[in-house]
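Input: a single structure, listed below in structure tokens.
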Protein chains: 2
Amino acid sequence: MTSKYKYLGKTTEAVDALEKVIGKAAFGADIHLPGMLYGKVLRSPHPHAKIKSIDYSKALTLEGVKAVITSKDLPSLEDARASFGGELTMDLGQIRKLLLADGKTLFDGHAIAAVAATSLEIAEQALELINVDYEILPVIENALQAMRPDTPLIHPDLYTRTLGEKPKAPSNIGTMLEHQRGDPEKGFAEADVVVEESFETAMVHQGYIEPQACAAWADGDGKVTVWTSTQGIFNTRDQIAALLKITRGRLNVVPMEIGGGFGGKNDNLLQTLTVMLAQKTGRPVKMIMSRDEVFRATGPSSPAYFTVKVGAKKDGEITAAYIKMIYDSGAVPGGPLHLGWVASCGAYSIPNLKIDGYDVVSNKPRVQPYRAPGVTPVVFAIETTMDILAEKLGMDTLKFRLRNCAKEGDYMPDDQKYARIGLKEVLERVASHPHWNTPLEGPNRGRGLAMGMWTGATLSSSALVMVNGDGSATGVSGQVDLTGTRTTTRQIIAEALQLPLEKVQVRVADTESTPYTMTSVGSRTTYAFGTAVYRACQDALAQMKARAAPQLLVDVGDIEYAEGKFWSKKDLEKAVSWNEVARNTQTRGEGMVTGRGSATRLPIAPEFNAHIVDVEVDPETGKASIKRWTAVQDAGLAVNPMQVEGQMQGGVTQGIGWGISEYYYYDKGKLRNPTFLDYRMPTSLDVPMIDTSIVEVPAPDGPYGIRGVGEACIVCPPAAIASAIYRATGVRMNKLPMTPEAVFWAIKAKEKQLVAADGH
Amino acid sequence: MTSKYKYLGKTTEAVDALEKVIGKAAFGADIHLPGMLYGKVLRSPHPHAKIKSIDYSKALTLEGVKAVITSKDLPSLEDARASFGGELTMDLGQIRKLLLADGKTLFDGHAIAAVAATSLEIAEQALELINVDYEILPVIENALQAMRPDTPLIHPDLYTRTLGEKPKAPSNIGTMLEHQRGDPEKGFAEADVVVEESFETAMVHQGYIEPQACAAWADGDGKVTVWTSTQGIFNTRDQIAALLKITRGRLNVVPMEIGGGFGGKNDNLLQTLTVMLAQKTGRPVKMIMSRDEVFRATGPSSPAYFTVKVGAKKDGEITAAYIKMIYDSGAVPGGPLHLGWVASCGAYSIPNLKIDGYDVVSNKPRVQPYRAPGVTPVVFAIETTMDILAEKLGMDTLKFRLRNCAKEGDYMPDDQKYARIGLKEVLERVASHPHWNTPLEGPNRGRGLAMGMWTGATLSSSALVMVNGDGSATGVSGQVDLTGTRTTTRQIIAEALQLPLEKVQVRVADTESTPYTMTSVGSRTTYAFGTAVYRACQDALAQMKARAAPQLLVDVGDIEYAEGKFWSKKDLEKAVSWNEVARNTQTRGEGMVTGRGSATRLPIAPEFNAHIVDVEVDPETGKASIKRWTAVQDAGLAVNPMQVEGQMQGGVTQGIGWGISEYYYYDKGKLRNPTFLDYRMPTSLDVPMIDTSIVEVPAPDGPYGIRGVGEACIVCPPAAIASAIYRATGVRMNKLPMTPEAVFWAIKAKEKQLVAADGH
């Protein structure tokens, strides 16, 4: 790939690489403070139980135990709401319920109490001295059970919300979504072929390497500092501030390096407990989750159920679609229903569309986003249905996609209109790709295809760009770097200011010294935050021009700038270097130049992709081995191609796990596989070299055509694998994960069917 | 005092008080990093010697020793200059000479080498294993000796600079200053009385409680973080960056709480050594000075010599003055000559004036500023001369001052013109003060008076003010808080934004996340930095108005704001609260409001004061005991009266030490009293309750009439005490300190004179 830019579109050194490789990067657990205590959480072994009493008097007598907290130590919800007076990414009442069980436990692993002690060992001992009297309640295991009219209510105060309507009766359904466009009934009537299928997907975990970790310190005058790895320091600040009634400005959240988040480090349960213990003891406290706690008590992804019905004419044109989506949000409502809806069939141009959605509670941990939240399951359902439909129409599955793919002017599932998007270019790249055009070799092999999209979050971003006295520039923000965004931000600044890369630094500082910026989620950082950075650069450049003008004795309007030089367009001899102007800010006391940039309410810059996969299914075991993978994605502009490829490959790898091996195994509400031994993530043996192909159809808004790239790449793999398995074995897998066992039995069932059919 | 402001002019809680009182505030020595090493410096026992060789091979064999550095580890001066390309507050070549002796030692305590080891004990042991072969050179003990033509040159490459002239021949004089206005010769000819006196003052130390301390860490990719207590994080960054050829943006300086600076924490010798050791070992390193090192090897104040000649008419009008000032700057040039000159006789209106000044090197530590740098000694000389002159004229010493005091439109010693100043009001306050009007009681008592001024630094300042989503505001800067400026900054923000004080926080962050701002020196913070803060508030307020306008559907020009409420001046019903507008920045995603403020090239806002002191001199011992003290000072606006009083009382206390007990005792260039036992600072027994009286004549520039207050208060005490001793004993003290011994012998000499006179 060649780039018309000097620093964009090039693979530059990752600024954090060396530190991470040599072990000097400091993560959430790497804070040590004098006099620090260690905290540990007592977690419920029961998925659903009334708490009749908690007696921790014995724990307090253990030498070294400094404090025990329970939900009684929390401010009341009413007080907290009144004091906070803002909005959170998660309902305050719901996160409070999750934080510490208040009268009843909602899932296996729910925090009951927390202890701070002078050592981890003492803290763990103390947990055993806490007596909790439980009254076991019936377990609501999943969304389908929860929705049955005779199922007991998990939250008697949960009223179903339907968009635009008043709350209905209490139920286990948090939100109902009904959306329609065009005339689906008429659309289906016009169809020559209609396919309807049902699907089920499992609860899976983001599987980040670093467990949640946090240190907190409450100063003498009540000011709190929190060091933690989080996706959003301001979100962390606001959640803790709201729960504990702390003025936002009196709570400083310092971001540590983050060892993977993928959406799973948005909640702040552990952080809030750490602060509570720090406040109660007056000493610094550190808490680190064990892997068991990470699995049982953080937010995995939502398991879901779908029915997809699509109709098309003989020529392949889709006339109508209906999608029913049920997302299980776990202990409290608020799963990814909305995000799943918006992206679901967003890769298709569908004139008549109806979508029904349900967000349902059950006795499982409350879900959190996981890379393109809610979309991977629904794309698995939609793409499998489309694959079947194409087959029924006798059309090549790629041509069917090309016939129906979304393009500029089409509408998303939520009726937003697309600006310029790159899906067609992605599919054309697939069509011409060697992988697509090389025949499969050997038996039991199949090739699958799937496409999908991610809307791309924008939210609200802020950045500062400071010009230092030596002409170097520093980008400062509170935008947490999950994926290499310090490196891409550096490139954007170098490009915008036309400065050598080595003169640009990027700093992610704390909530107390940076302007408010929202969490690093939804592929928004490079595009939306990058826009704020770009604007801050423009602002800094304008200030630099205004400084240069009087030095050159010309009007600022006559000043041109390029490559480190300002000059008068009326008199080319009148020129001064960037460094000279910068130096004068210090040496002549002209004062600093600080560029300021915000980006709010940006138009979305959706990301589209398509994946080709070859699998070989072992007929003896049902194991689907991935033989070859090609991911094609529209990056708008790949700021740092190697990082874009890394995102694509990472997304595919996680998608493979979701597709063929990962799932939460619940036994009457108790999680039986909370270890990496039993919860099977893909290893290097399960994943081939993943080939990537980057398409660049510039996003029309924002600088340089940049689009986010981190999420779309996870949405296709399960569907693509299912399609490949079908072509290798003739069986359609409508349930995730497609484990060897599941595929084996599906093959067996198919053989039985064939035998039975033969028999007739 | 009553104030027309809501938050200014009131004594509000000091934001850092509780933390400091309960021991939670973290100072320079309070950083602990995993794997940290301890550094220690080998210092020269010889004030002047050639270094023939340094052999540290044995030290390196000691277990636990990780590195030894000498001047050989420094980049060459030429490289460093070329790489830095800016300006420093101290000449790069000179600070490099001080940092590590390069071929020759310049003073007792000069750093020769530094060691990093796994413990402090091992580091200290290692120092003893370093062999240095010295060739002793003659010691140049003071400026007078240094200026003699036959004295050897300390720096053969030191050429005397005279303002506006080319360097002259090499000498021990760094700078010569010649300044004249009017016609001094004619002025003296017109005088009825002329007095000429000579004076000598001692080298004294700032005497801060906290010794210099620093921790440093060089990341894997060469990025350096420094934690230290310093008066200026950007100055620290720039000095280290220049000396060690580090890009400024790759060096982050984090300010710790500072346990007193008073000008003495501007250089960065220890910090630079710490960084060198951190770079060489790849591990975190901490260094803390012992008190012995603080005395021997940091920057005390300049000892000085003066001749003052003043002529006046019979009616008291001063017609001419001549001042010769010789400042001893220690090992390398650059003492307080310029600052001493500018303020010297700035309290007087003098039509014909001649000043000759010399900045001279000697074999002592290089001086650093000490509270009104250079002014206390010269005011001692001038005020004593004026006191004598008033007596010779038969005029009351206060009336003489009132007759000649500087006022608006008069000229400073460097010919800057005064805007509105408050000296006359200060003297009028003295005239009406009970202390001045209460007769002295008891024998051996005398009352002294002195007046003086401090120009007030302005330099260059930057600040950000962020409006948080809960309506609170946070001031962010890199402006180090030496004296309570977080508290006064908070008051300024609360006043400017009309927000309750508890909704305002102030943060001093590091060089990497804040815009460039200059060091906290010269009483500039509350006035000059405060102006930047005020401007940042105005900027934030303008942005908030721009947000409120569309919410109220009115033009932004019609928006009024007061007390947390925006409204339309055309329709009072149209109103929205500050909190609502702030909340929308987060909840409606309108993006943050960050106010930006700079203040550069501000006009000065000079501070004037006058002190009254009653002393009792014990004729048996010569000890002058301070019985009563009143300090009257123009604060412009006393933002926080208790803090202003604290500054005044602190300045007086330090001035008392300078006046009667403190001095560096050098014996052939070796410091013999580098402990608080032998270096006698005032204790609570030496200082009475110091009464303060604040005058408020607003400074015409900058917000709210604020002036700096921290420096003027130290310039009068020695002169006032000398005047009181004269009135108690009849002896004039022309040399500091006026120890009991000195006063005793002066009294004896006077008696001898009288006896001799009687005898004749």
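The values are calculated or read from the model by the stated rules, or taken from the named source; none is laboratory data. None of the values given here were measured: they were computed from a predicted structure. Reconstructed Cβ throughout: ideal geometry from the backbone, glycine too, with neighbour counts over all protein chains shown. Quick note on the areas: whole protein, heavy atoms, side chains included, nothing else; ligands and nucleic acids left out. Shrake-Rupley method; radii C 1.70, N 1.55, O 1.52, S 1.80 Å.
Summarising the rotation from chain A to chain B, the nearest chain A beta-carbon to the axis and its distance in Å are given as A:Ser513, 2. Distances between copies at B:Pro34, taken between label points 7 Å from Cα along the C-beta direction, are 2.0 nm in increasing order.
Rounded to the nearest 20 debye, the dipole magnitude of region A:1-148 is 520 debye, with +1 charges on Lys and Arg beta carbons, -1 on Asp and Glu beta carbons, and the Cα centre as origin.
Over region A:270-398, the reciprocal of the mean inverse Cα-Cα separation, the Kirkwood hydrodynamic radius, stands at 17.1 Å.
Taking square-rooted eigenvalues a ≥ b ≥ c of the alpha carbon gyration tensor, is region B:679-732 rounded, prolate or oblate, where a/c under 1.5 means rounded and, failing that, a/b exceeding b/c means prolate? Display every interim value, and only then the final one.
Numbers: a/c = 2.85, a/b = 1.99, b/c = 1.43.
Prolate, since a/c reaches 1.5 and a/b exceeds b/c.
Is there a simple number for the mean count of other chain Cβ atoms within 10 Å of the Cβ of residues in A:83-96, and what is it?
Mean number of neighbouring Cβ atoms from other chains: 2.
The Rg/Rh ratio of the protein assembly as shown, with Rg taken over Cα atoms and Rh as the Kirkwood radius over Cα pairs, comes to 1.05. For the set B:Phe262, B:Phe744, the ranking by accessible area, highest first and with no ligand, DNA or RNA atoms included, is B:Phe262, B:Phe744 under a 1.4 Å probe. Considering only Cα atoms, the convex hull volume of region B:78-126 works out to 130 Å³ per residue. Looking at region A:152-212, the trypsin sites (Lys or Arg not before Pro) that sit in a DSSP loop and have at most 15 other Cβ atoms within 10 Å of their own Cβ are A:Lys168.
Semi-axes of the equivalent ellipsoid for region B:162-320, please: Cα gyration tensor eigenvalues, times 5, square-rooted, ordered largest first, whole Å.
On the way: eigenvalues 436, 72, 38 Å².
Semi-axis lengths for region B:162-320 are 47, 19, 14 Å.
The rule of thumb for compact globular proteins, 2.2 N^0.38 Å, goes into the C-alpha radius of gyration of region A:12-91 1.74 times.
Apply the membrane-span-like helix rule to chain B: whole DSSP H runs, Cα extent along the own long axis of at least 20 Å, mean Kyte-Doolittle hydropathy at least 1.0. List the helices found.
Details: long enough: B:375-393 (26 Å, 1.02); B:530-552 (32 Å, -0.09); B:641-660 (28 Å, -0.10); B:740-759 (28 Å, -0.01).
Both cut-offs are met by B:375-393.
Given R₀ = 35 Å, FRET efficiency for A:Glu441-A:Ser290 by Cβ-Cβ distance, to 0.05?
Working: r = 46 Å, r/R0 = 1.31.
The calculated FRET efficiency here is 0.15.
Which entries in the list A:Lys627/A:Lys735; B:Lys50/B:Lys324; B:Lys97/B:Lys670; A:Lys186/A:Lys309; B:Lys186/B:Lys407 go over 25 Å, if you measure between the two C-alpha atoms of each?
B:Lys50/B:Lys324
Using the alpha-carbon centroid of each, what span in Å lies between region B:412-435 and region A:203-219? Comparing the Cα centres of region B:412-435 and region A:203-219, I get a distance of 62 Å.
Sorted largest first, the spans of the alpha carbon positions of region B:635-760 along the three principal axes are 64, 39, 27 Å.
With a Förster radius of 45 Å, plug the Cβ-Cβ distance of B:Glu560 and B:Ser684 into 1/(1 + (r/R0)^6) and report the FRET value to the nearest 0.05. Given R0 = 45 Å and the Cβ-Cβ separation, E is 0.30. The calculated pair-distance distribution of region A:94-221 uses every alpha carbon pair, bins of 10 angstrom beginning at 0, and gives 8, 22, 28, 21, 13, 5, 3, 0 percent. Just how large is the dipole of chain B about the Cα centre, in debye to the nearest 20, putting +1 at every Lys and Arg Cβ and -1 at every Asp and Glu Cβ? Its charge dipole is roughly 660 debye.
Beyond 15 Å, how much of the Cα-Cα pair distribution for region B:572-646 remains, as a whole percent?
Values: 2176 of 2775 pairs.
In whole percent, the share of Cα-Cα pairs in region B:572-646 beyond 15 Å is 78.
Dividing the Cα radius of gyration of region A:470-539 by its Kirkwood radius returns 0.94 for Rg/Rh.
Percent relative contact order of chain B, based on C-alpha pairs within less than 8 angstrom and at least six residues apart? Write out the running numbers ahead of the final one.
Numbers: 1948 pairs, mean separation 112.8, N = 760.
That works out to 15 percent.
How large is the direction-averaged shadow of the alpha-carbon convex hull of region A:533-664, in nm²?
Values: hull surface 56.6 nm².
The orientation-averaged projected area of the Cα hull of region A:533-664 comes to 14.1 nm².
Per residue, the convex hull spanned by the alpha carbons of region B:336-453 comes to 153 Å³.
Here's the list of lysines a cross-link from B:Lys565 could span, going by alpha-carbon distance under 22 Å and ignoring same-chain residues fewer than 8 apart: B:Lys4, B:Lys6, B:Lys503, B:Lys545, B:Lys574.
Among B:113-124, A:367-378, how do they line up by average Cβ neighbours within 10 Å per residue, starting with the highest?
Details: B:113-124: 21.3, A:367-378: 29.2.
Sorting B:113-124, A:367-378 by mean packing, highest first, produces A:367-378, B:113-124.
Taken over region B:199-272, the ratio of Cα radius of gyration to 2.2 N^0.38 Å equals 1.24. Each 5 Å bin from zero up to the one holding the largest Cα-Cα distance in region B:62-161 carries the following percent of pairs: 2, 10, 16, 17, 18, 14, 12, 7, 3, 1, 0.
Inter-copy label distances at B:Glu178, shortest first and taken from points set 7 Å along Cα to Cβ: 9.8 nm.
So if we plug the beta-carbon distance of B:Thr621 and B:Glu165 into 1/(1 + (r/R0)^6) with R0 = 45 Å, what FRET efficiency do we get, rounded to 0.05? Walk me through the numbers on the way to the answer.
On the way: r = 50 Å, r/R0 = 1.12.
That gives a FRET efficiency of 0.35.
Rounded, prolate or oblate: which fits chain B when a ≥ b ≥ c are the square roots of the eigenvalues of the alpha-carbon gyration tensor, with rounded for a/c under 1.5 and prolate only if a/b beats b/c? Here chain B falls in the oblate category.
The value for region B:295-346 of Rg(Cα) / (2.2 N^0.38 Å) is 1.52.
Sorted from nearest, the other copies put their B:Ser577 label points 5.5 nm away, the label point being 7 Å from Cα in the direction of Cβ. Taken over the alpha carbons of region B:407-487 as equal point scatterers, the Debye sum produces base-10 log I(q)/I(0) values at 0.15, 0.20, 0.23, 0.25 Å⁻¹ of -0.88, -1.02, -1.13, -1.21. For A:Lys265, the aspartates and glutamates whose Cα falls under 13 Å of its own Cα, not counting residues fewer than eight places away in the same chain, are A:Glu210, A:Glu257, A:Asp481. Translational diffusion coefficient of region B:318-382 (Stokes-Einstein, Kirkwood radius from Cα pairs, 37 °C, 0.692 mPa s): 267 µm²/s.
Using the per-residue mean of other Cβ atoms lying within 10 Å as a proxy for protection, in what order, highest first, do the peptides B:510-516, B:127-133 fall? Provide the component values of the computation, followed by the final result.
Working: B:510-516: 26.3, B:127-133: 15.9.
The packing order, highest mean first, is B:510-516, B:127-133.
How large is the charge dipole for region B:4-59, taken about the Cα centre, if only the Cβ atoms of Lys, Arg (+1) and Asp, Glu (-1) carry charge, to the nearest 20 debye? Could you put the intermediate results ahead of the total?
Numbers: 10 positive and 5 negative charges, 59 e Å.
Dipole size: approximately 280 debye.
Rounded to whole Å and sorted largest first, what semi-axes of the equivalent ellipsoid does the C-alpha gyration tensor of region A:458-609 yield via the square root of 5 times each eigenvalue? Before the final figure, lay out the partial values.
Numbers: eigenvalues 181, 51, 33 Å².
Over the Cα atoms of region A:458-609, the ellipsoid semi-axes are 30, 16, 13 Å.
Here the spin labels are modelled as points 7 Å beyond Cα on the Cα-Cβ line, and at A:Glu185 and A:Glu408 they lie 3.8 nm apart.
Other chains near B:215-226: what is the mean number of their Cβ atoms within 10 Å of each residue's Cβ? It would help to have the intermediate numbers written out before the result.
Numbers: counts 0, 0, 1, 1, 6, 10, 9, 1, 5, 0, 0, 0.
Average neighbour count from other chains, rounded to a whole number: 3.
Positive contributions from Lys and Arg (+1) and negative ones from Asp and Glu (-1), summed over other residues with Cβ under 14 Å from the Cβ of B:Pro698, come out at -3.
Largest first, what is the accessible-area ranking of A:Tyr664, B:Tyr56 with a 1.4 Å probe?
Details: A:Tyr664 20, B:Tyr56 60 Å².
I get B:Tyr56, A:Tyr664, largest accessible area first.
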